[in-house]
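The values are calculated or read from the model by the stated rules, or taken from the named source; none is laboratory data. Bear in mind the structure is a predicted one, so any value in this text is a computation, not a measurement. Positions of Cβ are backbone-derived with ideal geometry, glycine not excepted, and every protein chain shown enters the neighbour counts.
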Amino acid sequence: MNELRVLAPTAILGYGFPEASFAEGMKRKPHVIAVDAGSTDPGPYYLGSGKSFTDRNAVKRDLEYMIKAGVENNIPVIIGSAGGSGADSHLDWNADIVLEIAREQGLTFNLGIISAQISKEIVLQHFHTGGLKSMSSVPPITEEQIISSSNIVAQMGCEPFTKALEKGAQVIVAGRAYDPTVFACLAIKNGFDEGLALHMGKILECATIACVPGSGSDCMFGTLYDDYFVLEPLSDVRKCTTLSVAAHTLYEKSDPTKLPGPGGVLDLTDCVFEQLTDNSVKVSGTKFIPDKEYYVKLEGAALKGYRTVSIAAASDPIFIEKINSIVSAVKDRVESNFANFGTDEYFLDFKVFGKNGVMLMGGNPDTAQPAEICIVIESVAKTPEMANTICSFARSSLLHFGYEGRKSTAGNLAFPFSPSDFEAGEVFNFSVYCLMRATDPCEYFPVNVRLCERGELK
């Protein structure tokens, strides 16, 4: 029976993994080592700024194991959504680490680079010709949103990876990619069932998060057969169970039986999960339904302004009881004092942790009375100076706000840090989140394969 074995070292490149787990995975002789390096989960800042949300030293540590093992065993190493968000700046950042490792360890291999950055001109052309399609629950995109974007990327499917493999790439560093593709592309290239390959990739993308206990920093192994696949962790402290694997199949999905991606939809209606051994699970029944037209998802981010933050705490029960009305009054005072700015010039928010900051579980957040609260004052404005001004005034107003029943005039707040206000830098919003028609799956994803000889590109 045909089989294809995939080693997924970690949930995100840079999150780490035990050396023993990785060694256990290599004992199983994988056909490919693959890792998803990115996500939109950390928010729009990283895509907009072009910076990675993972640490360079941590990424290099993971890649040193992966690339050395891949080259020595003549198997491909595939990285998707390089640098976290997959724009060209992230791609260059990640490729530079790969070259540094090759130089330091004297490794020679064919390096494939796949860009996923899309120019605003291309997106605007599709906007004007009807080539863009709105996502569910997302308002239709506007021309202004496209123009204001600092970076726009498209999620590539398996086809650009297949093209790089056909060109002889042994290490592939790709921009923004549909998460399962790095794990599924070699299998699909070799004729395995597309639905099963992508579903296995869907689980492997988060490595042992799909285990009990779950972890984003450990290795997972997947074996794909003709009509099913098997998942198992590579550490004795974790197990795959039918519940943990089935639960992760629902991860990041709006529909429990349908998972759309580039070129089609995974249909999980007839999916079956079986406990194969004490720590491994067999999955079957997944189908892939091709779309009539090929679309890729676009993600873009635009600069919104600059943020200043102040963190404070309070324990006065009267202050805490009245915090909602106090915050409302402070906002009114800020608006009145800076009426010349205009409310569209800045954004002011108070996040009250312990009382509505996230959620007060098991009670009514409007009536529950915590013993103490933490207040995060956030100001966002068009310039750093304006953000500083709004935050400073809001903080001082809250600090000395006089409320009914107040017994002390020394101040309402305790500040854990001095200075009390922090410039948090640029603020980005997601500006583009829609589908774009593609006449060819590789149309927007140029593939460049070059010889990397001890860190030098030939």
Residue pairs, Cβ under 8 Å, 6 or more apart or interchain, first in segment 71-94 and at pLDDT 95 or above, second part of a strand (DSSP E or B) and of a type in the set (S, T, Y). List them. V71/T108
Among the numbered criteria (1) without any contact (Cβ under 8 Å) to a residue 40 or more places away in the chain; (2) out of contact with any helix residue (DSSP H, G or I) (no Cβ under 7 Å at 6 or more places or on another chain); (3) not acidic (D, E), which one does S244 miss? (2)
How many residues does segment 393-417 hold that are assigned to a helix (DSSP H, G or I) and out of contact with any strand residue (DSSP E or B) (no Cβ under 6 Å at 6 or more places or on another chain)? 5
Return the residues of segment 106-130 that are crowded, with 17+ Cβ neighbours inside 10 Å and not β-branched (V, I, T); say none if nothing qualifies. L107, F109, N110, L111, G112, S115, A116, Q117, K120, H126, F127
Report those helices (runs of 4 or more DSSP H) wholly inside segment 233-345 carrying at least 3 residues which are among the charged types (D, E, K, R). 323-337
Residues that are under 30 Å from the mean Cα position of the chain (by Cα) and either part of a loop (DSSP other than H, G, I, E, B) or within 21 Å of S328 (Cα to Cα) (or both), drawn from segment 418-458: D421, A438, T439, D440, P441, C442, E443, Y444, F445, P446, G455
